[in-house]
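Accompanying notes for the structure given below.
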Amino acid sequence: DTITRRFRYDVALVSALKDLEEDIMEGLRESGMEDSACTTGFSVMIKECCDGMGDVSEKHGGGPVVPEKAVRFSFTIMSVSVLADDEVEEVTVFTEPKPNSELSCKPLCLMFVDESDRETLTAVLGPIVAERNAMKESRLIVSIGGLPRSFRFHFRGTGYDEKMVRELEGLEASGSTYICTLCDSSRAEASKNMVLHSITRSHEENLERYEIWRTNPFSESADELRDRVKGISAKPFMETQPTLDALHCDIGNATEFYKI
């Protein structure tokens with residue numbers, strides 16, 4: 001009956017930091033920093049990834065009956081830096097050499113769910129989002145190199161593809177008239193204008209638009225309302241960082257080819 005297995009976020013992060021214990025200590029030595037002076041002020045940059053794993057069902061009998069699809073949520077420790085007690089600048093003591101490798105990617109949660117099943121996805125990932133929000137404000141104390149050291153975590157959700165960003169941000173699916181996860185471009189507008197696109201969406205704005213969609217304060221028809229909120233039809237539940245997505249990259253490439 002289990003549809004998901006997961007680690008608690010803080011426990012998983014401690015485990016990942018312990019795996020990097022030797023690298024962190026070596027980084028401190030190479031930076032010429034006094035080991036005992038660096039017990040506080042550590043910052044860890046986390047890249048989060050979440051993607052569908054496609055069809056994982058048992059094809060030739062014998063196994064348990066499971067839904068056809070699975071989704072994996074994972075994270076990568078991108079860097080660890082430290083601000084020593086009497087210093088003004090942070091020193092990076094560890095940088096992941098292969099940030100996009102499968103080997104540096106730590107699984108946090110495995111779900112038997114279709115990535116398009118928004119309700120189940122929200123229910124399963126909701127507690128992870130809550131744990132992550134709690135950790136943004138707090139510090140974890142982990143024993144590294146025999147001394148308790150204090151770590152702060154910064155989360156960047158840059159490992160989501162466009163389909164997953166749409167699910168997390170409450171946007172219409174990929175067949176929508178509104179093609180972009182970062183701005184309000186429609187297909188017609190994008191085909192006429194290949195140059196002037198800028199990032200205009202924020203998580204907060206998407207939440208406001210969802211409220212307009214839900215309450216319809218101007219008593220508009222479905223089409224008018226849809227045009228007002230630009231295709232936001234569900235509550236965004238995980239903030240995503242606005243970094244250049246595939247669509248803007250394609251538009252930029254197309255512009256270059258067009259010039260040639």
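The values are calculated or read from the model by the stated rules, or taken from the named source; none is laboratory data. Keep in mind the model is a prediction, meaning the values are calculated, not measured. Positions of Cβ are backbone-derived with ideal geometry, glycine not excepted, and every protein chain shown enters the neighbour counts. Areas reflect the complete protein model, heavy atoms only, side chains present, ligands, DNA and RNA absent. Shrake-Rupley method; radii C 1.70, N 1.55, O 1.52, S 1.80 Å.
Screening Leu225 against (1) crowded, with 16+ Cβ neighbours inside 10 Å; (2) in contact (Cβ under 8 Å) with a residue 40 or more places away in the chain leaves a single unmet condition, (2). Of the residues making up the stretch 135-154, those that are of a type in the set (Ser, Thr, Tyr) and more than 21 Å from Glu26 (Cβ to Cβ) number 1.
Beta carbons closer than 6 Å, at least 6 apart along the sequence or on distinct chains, pair a first residue in the stretch 17-43 that is open to solvent by 40 Å² or more (accessible area, probe 1.4 Å) with a second that is of a type in the set (Ser, Thr, Tyr) and outside any helix (DSSP H, G or I) for Thr40/Ser150.
Can you work out which of the residues in the stretch 56-74 that are aliphatic (A, V, I, L, M) and open to solvent by 50 Å² or more (accessible area, probe 1.4 Å) is modelled with the lowest pLDDT? If you could, list the steps in order and put the result at the bottom.
Our first condition is that a residue be aliphatic (A, V, I, L, M); within the stretch 56-74, this holds for 56, 65-66, 70-71.
Among the residues that remain, those that are also open to solvent by 50 Å² or more (accessible area, probe 1.4 Å) are: 56, 65.
On the way: Val56: 77, Val65: 64.
Applying the filter and picking the extreme gives Val65.
The C-beta contact set for the stretch 152-169 (first residue in the same structural domain as Val71 (by the TED database), second residue at pLDDT 90 or above and surrounded by fewer than 15 Cβ atoms within 10 Å (Cβ to Cβ), distance under 9 angstrom, 6+ apart or interchain) comprises Arg152/Lys136; Arg152/Ser138; Arg152/Arg139; Phe153/Lys136; Phe153/Ser138; Phe153/Arg139; His154/Lys136; Phe155/Lys136. Counting only helices (runs of 4 or more DSSP H) wholly contained in the stretch 103-207, the ones carrying 3 or more residues that are open to solvent by less than 60 Å² (accessible area, probe 1.4 Å) occupy 118-137, 162-169. Could you tell me whether any residue of the stretch 46-55 is open to solvent by 70 Å² or more (accessible area, probe 1.4 Å) and in a strand (DSSP E or B)? Yes, there is a match, as at least one residue in the stretch 46-55 is open to solvent by 70 Å² or more (accessible area, probe 1.4 Å) and in a strand (DSSP E or B).
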